[in-house]
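**Student:** Dropping the structure in here first, questions after.
The values are calculated or read from the model by the stated rules, or taken from the named source; none is laboratory data. What you are looking at is a predicted structure, and each value in this text was computed from that prediction instead of being measured. Glycine gets a Cβ as well: all are built from the backbone with ideal geometry, and neighbour counts include every protein chain shown. SASA here: full protein model, heavy atoms, side chains in, ligands and nucleic acids out. Shrake-Rupley method; radii C 1.70, N 1.55, O 1.52, S 1.80 Å.
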Amino acid sequence: MNLCKHCGVEVEDDARYCPLCRNPLRPGLEGEAWEAAPPSPRGKETKRRLRAWLVEFLSLVAVTGAIVVFAVDFASGRSLTWGRYPLVSIAFLWLSAILVIFCSHRAWIYLPAQVVVADLFLFTLDRFTPGPAWFLPLALPLMFLLATILALTLTLVRRMGLSPFATVVTVMLAAGVFVVGLELLLRSYLDQRWFVSWSAVAFACMVPLLLLLLYLRRWLRAREVEIRKLLHL
(Lines give C-alpha, C1' and ligand atoms only; values in the text may rest on other atoms or scores of the structure.)
Protein backbone atom coordinates (compact mmCIF):
# COMPACT_ATOMS: atom_id res chain seq x y z
CA MET A 1 0.00 0.00 0.00
CA ASN A 2 1.21 3.51 -0.89
CA LEU A 3 0.41 6.82 0.73
CA CYS A 4 -1.00 9.85 -1.05
CA LYS A 5 1.52 12.70 -0.81
CA HIS A 6 -1.31 15.24 -0.62
CA CYS A 7 -3.49 13.88 2.19
CA GLY A 8 -1.62 10.84 3.51
CA VAL A 9 -4.40 8.30 2.96
CA GLU A 10 -3.50 4.75 1.96
CA VAL A 11 -4.09 3.95 -1.71
CA GLU A 12 -3.87 0.85 -3.86
CA ASP A 13 -0.60 0.18 -5.68
CA ASP A 14 -2.25 0.52 -9.11
CA ALA A 15 -4.42 3.54 -8.24
CA ARG A 16 -4.15 6.57 -10.53
CA TYR A 17 -5.97 9.04 -8.29
CA CYS A 18 -6.39 9.37 -4.54
CA PRO A 19 -9.88 8.15 -3.53
CA LEU A 20 -10.08 10.83 -0.81
CA CYS A 21 -8.64 14.08 -2.19
CA ARG A 22 -8.79 12.99 -5.88
CA ASN A 23 -5.32 14.32 -6.65
CA PRO A 24 -3.27 12.42 -9.28
CA LEU A 25 -0.81 9.88 -7.94
CA ARG A 26 1.27 9.62 -11.11
CA PRO A 27 2.97 12.25 -13.25
CA GLY A 28 1.15 13.36 -16.38
CA LEU A 29 -2.40 12.94 -15.01
CA GLU A 30 -2.89 16.54 -13.90
CA GLY A 31 -4.93 17.52 -16.95
CA GLU A 32 -7.18 14.45 -17.06
CA ALA A 33 -10.58 14.25 -15.42
CA TRP A 34 -10.75 12.22 -12.24
CA GLU A 35 -12.39 8.85 -12.62
CA ALA A 36 -13.24 6.48 -9.82
CA ALA A 37 -11.19 3.34 -10.00
CA PRO A 38 -13.18 0.15 -10.49
CA PRO A 39 -13.58 -1.90 -7.35
CA SER A 40 -10.68 -4.27 -6.84
CA PRO A 41 -11.24 -8.01 -6.34
CA ARG A 42 -9.96 -7.59 -2.81
CA GLY A 43 -12.66 -4.97 -2.15
CA LYS A 44 -15.37 -7.24 -3.49
CA GLU A 45 -14.13 -10.11 -1.34
CA THR A 46 -14.11 -7.86 1.73
CA LYS A 47 -17.70 -6.80 1.10
CA ARG A 48 -18.76 -10.40 0.58
CA ARG A 49 -17.14 -11.49 3.85
CA LEU A 50 -18.67 -8.53 5.69
CA ARG A 51 -22.14 -9.48 4.45
CA ALA A 52 -21.56 -13.08 5.53
CA TRP A 53 -20.49 -11.95 9.01
CA LEU A 54 -23.53 -9.71 9.34
CA VAL A 55 -25.85 -12.54 8.31
CA GLU A 56 -24.23 -14.88 10.83
CA PHE A 57 -24.45 -12.31 13.62
CA LEU A 58 -28.08 -11.40 12.91
CA SER A 59 -29.04 -15.05 12.61
CA LEU A 60 -27.38 -15.82 15.94
CA VAL A 61 -29.22 -12.93 17.63
CA ALA A 62 -32.55 -13.96 16.06
CA VAL A 63 -32.19 -17.64 17.00
CA THR A 64 -31.14 -16.74 20.55
CA GLY A 65 -34.10 -14.41 20.99
CA ALA A 66 -36.49 -16.99 19.55
CA ILE A 67 -35.21 -19.71 21.89
CA VAL A 68 -35.58 -17.44 24.92
CA VAL A 69 -39.13 -16.40 23.97
CA PHE A 70 -40.17 -19.99 23.25
CA ALA A 71 -38.66 -21.30 26.49
CA VAL A 72 -40.31 -18.63 28.66
CA ASP A 73 -43.71 -19.02 27.03
CA PHE A 74 -43.64 -22.81 27.04
CA ALA A 75 -42.41 -23.01 30.63
CA SER A 76 -45.20 -20.73 31.87
CA GLY A 77 -48.08 -22.78 30.45
CA ARG A 78 -46.71 -25.82 28.62
CA SER A 79 -47.96 -24.31 25.36
CA LEU A 80 -47.19 -21.51 22.93
CA THR A 81 -49.57 -18.56 23.48
CA TRP A 82 -48.29 -14.99 23.63
CA GLY A 83 -44.89 -16.12 22.34
CA ARG A 84 -46.24 -16.42 18.81
CA TYR A 85 -46.26 -12.64 18.39
CA PRO A 86 -42.62 -11.94 19.34
CA LEU A 87 -41.51 -15.01 17.37
CA VAL A 88 -43.20 -13.72 14.22
CA SER A 89 -41.77 -10.26 14.88
CA ILE A 90 -38.25 -11.68 15.25
CA ALA A 91 -38.62 -13.53 11.94
CA PHE A 92 -39.88 -10.36 10.24
CA LEU A 93 -37.00 -8.24 11.56
CA TRP A 94 -34.48 -10.89 10.51
CA LEU A 95 -35.85 -11.08 6.97
CA SER A 96 -35.96 -7.28 6.70
CA ALA A 97 -32.34 -7.03 7.82
CA ILE A 98 -31.27 -9.68 5.31
CA LEU A 99 -32.98 -7.75 2.53
CA VAL A 100 -31.17 -4.57 3.57
CA ILE A 101 -27.81 -6.37 3.50
CA PHE A 102 -28.25 -7.97 0.07
CA CYS A 103 -30.74 -5.80 -1.83
CA SER A 104 -30.64 -2.25 -0.44
CA HIS A 105 -28.62 -1.04 -3.47
CA ARG A 106 -31.20 -2.51 -5.85
CA ALA A 107 -34.40 -0.65 -5.17
CA TRP A 108 -36.38 -2.48 -7.86
CA ILE A 109 -35.74 -5.74 -5.95
CA TYR A 110 -35.65 -4.47 -2.38
CA LEU A 111 -38.96 -2.58 -2.39
CA PRO A 112 -41.19 -5.42 -3.73
CA ALA A 113 -39.41 -7.97 -1.53
CA GLN A 114 -39.84 -5.82 1.57
CA VAL A 115 -43.54 -5.33 0.78
CA VAL A 116 -44.00 -9.10 0.42
CA VAL A 117 -42.24 -9.74 3.75
CA ALA A 118 -44.34 -7.08 5.49
CA ASP A 119 -47.53 -8.55 4.03
CA LEU A 120 -46.59 -12.01 5.29
CA PHE A 121 -45.91 -10.56 8.72
CA LEU A 122 -49.27 -8.79 8.89
CA PHE A 123 -51.10 -11.81 7.49
CA THR A 124 -49.57 -14.03 10.17
CA LEU A 125 -50.52 -11.58 12.90
CA ASP A 126 -54.06 -11.50 11.53
CA ARG A 127 -54.25 -15.30 11.78
CA PHE A 128 -53.10 -15.18 15.41
CA THR A 129 -55.30 -12.27 16.49
CA PRO A 130 -58.81 -13.19 17.69
CA GLY A 131 -61.77 -11.32 16.25
CA PRO A 132 -62.67 -10.18 12.73
CA ALA A 133 -60.01 -10.54 10.05
CA TRP A 134 -58.33 -7.23 9.21
CA PHE A 135 -55.60 -8.20 6.76
CA LEU A 136 -57.60 -8.12 3.50
CA PRO A 137 -59.85 -5.12 4.25
CA LEU A 138 -57.17 -2.95 5.93
CA ALA A 139 -53.56 -4.17 6.00
CA LEU A 140 -53.27 -5.23 2.36
CA PRO A 141 -54.66 -1.96 0.91
CA LEU A 142 -52.49 -0.03 3.36
CA MET A 143 -49.33 -1.84 2.25
CA PHE A 144 -50.29 -1.34 -1.40
CA LEU A 145 -50.72 2.40 -0.78
CA LEU A 146 -47.38 2.64 1.00
CA ALA A 147 -45.55 0.65 -1.68
CA THR A 148 -47.07 2.75 -4.47
CA ILE A 149 -46.12 6.04 -2.83
CA LEU A 150 -42.59 4.83 -2.10
CA ALA A 151 -42.11 3.56 -5.65
CA LEU A 152 -43.39 6.80 -7.20
CA THR A 153 -41.25 8.93 -4.88
CA LEU A 154 -38.11 6.90 -5.55
CA THR A 155 -38.71 6.96 -9.30
CA LEU A 156 -39.29 10.71 -9.28
CA VAL A 157 -36.14 11.40 -7.26
CA ARG A 158 -33.94 9.19 -9.45
CA ARG A 159 -35.33 10.06 -12.87
CA MET A 160 -35.29 13.82 -12.27
CA GLY A 161 -32.00 13.81 -10.36
CA LEU A 162 -33.43 15.92 -7.57
CA SER A 163 -31.14 17.74 -5.18
CA PRO A 164 -31.14 16.79 -1.49
CA PHE A 165 -33.37 19.77 -0.73
CA ALA A 166 -35.87 18.89 -3.47
CA THR A 167 -35.78 15.29 -2.27
CA VAL A 168 -36.76 16.36 1.26
CA VAL A 169 -39.67 18.40 -0.11
CA THR A 170 -40.80 15.48 -2.29
CA VAL A 171 -40.65 13.05 0.63
CA MET A 172 -42.67 15.42 2.81
CA LEU A 173 -45.36 15.72 0.13
CA ALA A 174 -45.41 11.95 -0.24
CA ALA A 175 -45.80 11.59 3.53
CA GLY A 176 -48.74 13.98 3.45
CA VAL A 177 -50.43 11.98 0.71
CA PHE A 178 -49.86 8.78 2.66
CA VAL A 179 -51.43 10.26 5.81
CA VAL A 180 -54.56 11.23 3.87
CA GLY A 181 -54.77 7.77 2.29
CA LEU A 182 -54.22 6.16 5.69
CA GLU A 183 -57.19 7.97 7.21
CA LEU A 184 -59.39 7.11 4.23
CA LEU A 185 -58.59 3.42 4.64
CA LEU A 186 -59.12 3.54 8.41
CA ARG A 187 -62.46 5.34 8.04
CA SER A 188 -63.60 2.86 5.42
CA TYR A 189 -62.67 -0.10 7.64
CA LEU A 190 -63.99 1.26 10.95
CA ASP A 191 -66.93 3.46 9.91
CA GLN A 192 -67.68 2.21 6.38
CA ARG A 193 -67.43 5.81 5.19
CA TRP A 194 -64.92 7.76 3.12
CA PHE A 195 -64.00 11.12 4.64
CA VAL A 196 -60.97 12.92 6.05
CA SER A 197 -60.53 15.06 9.15
CA TRP A 198 -57.23 14.92 11.06
CA SER A 199 -55.22 13.96 7.98
CA ALA A 200 -56.43 17.06 6.15
CA VAL A 201 -55.32 19.17 9.11
CA ALA A 202 -51.92 17.45 9.15
CA PHE A 203 -51.49 18.00 5.40
CA ALA A 204 -52.55 21.64 5.72
CA CYS A 205 -50.03 22.18 8.53
CA MET A 206 -47.33 20.78 6.27
CA VAL A 207 -47.93 23.37 3.55
CA PRO A 208 -46.53 26.39 5.50
CA LEU A 209 -43.46 24.33 6.39
CA LEU A 210 -42.89 23.50 2.73
CA LEU A 211 -43.30 27.17 1.78
CA LEU A 212 -40.80 28.10 4.49
CA LEU A 213 -38.30 25.57 3.13
CA LEU A 214 -38.74 26.91 -0.41
CA TYR A 215 -38.20 30.46 0.81
CA LEU A 216 -35.13 29.40 2.81
CA ARG A 217 -33.68 27.65 -0.23
CA ARG A 218 -34.21 30.76 -2.36
CA TRP A 219 -32.70 32.98 0.33
CA LEU A 220 -29.60 30.77 0.61
CA ARG A 221 -29.08 30.69 -3.15
CA ALA A 222 -29.31 34.48 -3.37
CA ARG A 223 -26.68 34.89 -0.64
CA GLU A 224 -24.48 31.90 -1.41
CA VAL A 225 -21.45 34.03 -2.31
CA GLU A 226 -21.76 36.13 0.83
CA ILE A 227 -22.12 33.04 3.03
CA ARG A 228 -19.06 31.41 1.45
CA LYS A 229 -17.01 34.52 2.08
CA LEU A 230 -18.25 34.78 5.64
CA LEU A 231 -17.43 31.14 6.41
CA HIS A 232 -14.20 31.21 4.36
CA LEU A 233 -15.36 28.35 2.12
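**Student:** With respect to PHE165, determine if the residue is closer than 28 Å to LEU111 by Cα and modelled with pLDDT of 80 or more. First the steps, then the outcome.
**Tutor:** Working: closer than 28 Å to LEU111 by Cα: yes; modelled with pLDDT of 80 or more: no.
No, not satisfied.
**Student:** Name the single residue, out of those in segment 15-29 being under 35 Å from the mean Cα position of the chain (by Cα) and either basic (Lys, Arg) or at pLDDT below 75 (or both), that is most open to solvent (accessible area, probe 1.4 Å).
**Tutor:** Applying the filter and picking the extreme gives ARG22.
**Student:** Now a separate question. Test LEU152 against the stated conditions and say whether it is assigned to a helix (DSSP H, G or I) and either crowded, with 17+ Cβ neighbours inside 10 Å or in contact with a strand residue (DSSP E or B) (Cβ under 7 Å, 6 or more places away or on another chain) (or both).
**Tutor:** Values: assigned to a helix (DSSP H, G or I): yes; either crowded, with 17+ Cβ neighbours inside 10 Å or in contact with a strand residue (DSSP E or B) (Cβ under 7 Å, 6 or more places away or on another chain) (or both): no.
No; evaluated as a whole, the condition is false for this residue.
**Student:** Another one. Is at least one residue of segment 169-188 charged (D, E, K, R), exposed (fewer than 14 other Cβ atoms within 10 Å of the Cβ) and in a helix (DSSP H, G or I)? Show your work before the answer.
**Tutor:** First, pick out the residues of segment 169-188 that are charged (D, E, K, R): 183, 187.
Next, from what is left, pick out any that are exposed (fewer than 14 other Cβ atoms within 10 Å of the Cβ): none.
Looking through segment 169-188, none of the residues is charged (D, E, K, R), exposed (fewer than 14 other Cβ atoms within 10 Å of the Cβ) and in a helix (DSSP H, G or I).
**Student:** Residue under question is PHE70, and the condition is that it be open to solvent by 40 Å² or more (accessible area, probe 1.4 Å) and under 19 Å from the mean Cα position of the chain (by Cα); does it hold?
**Tutor:** Details: open to solvent by 40 Å² or more (accessible area, probe 1.4 Å): yes; under 19 Å from the mean Cα position of the chain (by Cα): no.
Against the criterion (open to solvent by 40 Å² or more (accessible area, probe 1.4 Å) and under 19 Å from the mean Cα position of the chain (by Cα)), PHE70 does not qualify.
**Student:** Just checking, how many residues over segment 176-192 are on the phi > 0 side of the Ramachandran plot and either touching a residue at least 60 places away in the same chain (Cβ under 8 Å) or of a type in the set (Val, Ile, Thr) (or both)? Talk me through it step by step, then tell me what you get.
**Tutor:** Pass one, segment 176-192, residues on the phi > 0 side of the Ramachandran plot: 192.
From the residues that got through so far, the ones that are either touching a residue at least 60 places away in the same chain (Cβ under 8 Å) or of a type in the set (Val, Ile, Thr) (or both) too are none.
Adding up the residues that qualify gives 0.
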